[in-house]
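Taking it in order: structure first as structure tokens, then the write-up.
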């Protein structure tokens, strides 16, 4: 691939990120250009995997598409004219990202397609690691970090925190699509129907319980920040800060997530990014 073609591939990944990464783009734009390009490529491929799982095709078609994509990514990306995979191949060469993390991400998407539910929080955390902590692994390879071995557990915890917050935010939307993530045992202990069809106050009590779990994962995950170089730290602080603010809102009033998709206004996301760039923790 020529330099011009590769530049075009990265531009297309950046456009996907700007269009689709409603929260993560605030952090990604704080990186230096090379790292911003690389992380945009990672996001673009992760977005493609998610889009297959969330699409309208029958389950068998989704599973076949995920298998085909896995074969094109692992063990070595096969671009064959695909701009996203061309960019990923370049990122893999420049940053030695753990490509098998994309395999784990696909495994998590397969779980969604086949309708896996979760009996315990431990089970759910395993799912969160597949679909979110894997992105942390990929990001760490791109970020400037003197001690990746020390940083890895915190990146893992932050991925779990972000995904749990996502799940709490989208609990109604996911239920409407037949996806129940919140642990069945916790629901039963609170007298809440495991399919979340019971009284709203019971569902809200379950959301409140799990939001405390998410907060504890944030407490661990945010320890990653001092281990990163300045720009990478700002990026992670912005992305994590937006979700941390969402979680605080959920904790303050768990019933909010039952009234519709919860999000922060644009001005607040921009404020979080500005604070993060200045070295603060929003």
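Readers should treat all values here as calculations from the given coordinates under stated rules, not as data from a laboratory. Quantities reported herein were computed from a predicted structural model and do not represent experimental measurements. Counting neighbours? That spans all protein chains shown, and the Cβs are built from the backbone with ideal geometry, glycine included.
Side notes on the structure shown:
- FRET efficiency estimate (nearest 0.05) - Cβ-Cβ, residue 274 to residue 94, R0 22 angstrom: 0.15
- Exposure proxy order (Cβ contacts within 10 Å, fewest to most) of 121, 239: 121, 239
- Once the Cα-Cα distance is subtracted from the 0.36 nm per residue extended length, the residue 220 to residue 193 segment shows a gain of 6.7 nm.
- Gaussian network model of the chain, springs between alpha carbon atoms under 10 Å - residue of 139, 232, 111 with greatest fluctuation: 111
- Computed log₁₀ I(q)/I(0) - Debye formula, equal Cα scatterers, no solvent, the stretch 94-153, q 0.14, 0.16, 0.17, 0.22 Å⁻¹: -0.45, -0.56, -0.62, -0.87
- Comparing 74, 45, 99 in a Gaussian network model of the chain, where Cα atoms under 10 Å apart are tied by springs, the biggest mean-square fluctuation is seen for 74.
- Förster radius 30 Å - calculated FRET efficiency between residue 119 and residue 147 (Cβ-Cβ, nearest 0.05): 0.25
- Annotation: the residues 18, 233, sorted from fewest to most other C-beta atoms within 10 Å of their own C-beta, follow the order 18, 233.
- Residues 197, 211, 117, 133 arranged by fewest to most Cβ contacts within 10 Å: 197, 117, 211, 133
- Once the Cα atoms are used to define both axes, helix 148-169 deviates from the longest principal axis of the chain by about 50 degrees.
- Here the extension length gained between residue 2 and residue 78 equals 25.8 nm, from 0.36 nm per residue of separation less the Cα-Cα distance.
- Per-q log10 I(q)/I(0), the stretch 1-103, q = 0.15, 0.17, 0.18 Å⁻¹ (Debye; single scatterer per alpha-carbon; no solvent): -0.61, -0.78, -0.87
- Inter-centroid distance (Cα atoms) of the stretch 56-80 relative to the stretch 203-258, Å: 32 Å
- Label of the coordinate-derived value, Cα extents along the principal axes in Å, listed as (1) 66, 43, 30; (2) 60, 47, 34; (3) 52, 48, 36: (2)
- Overall form of the stretch 123-282 per C-alpha gyration tensor (a/c, 1.5; a/b vs b/c): prolate
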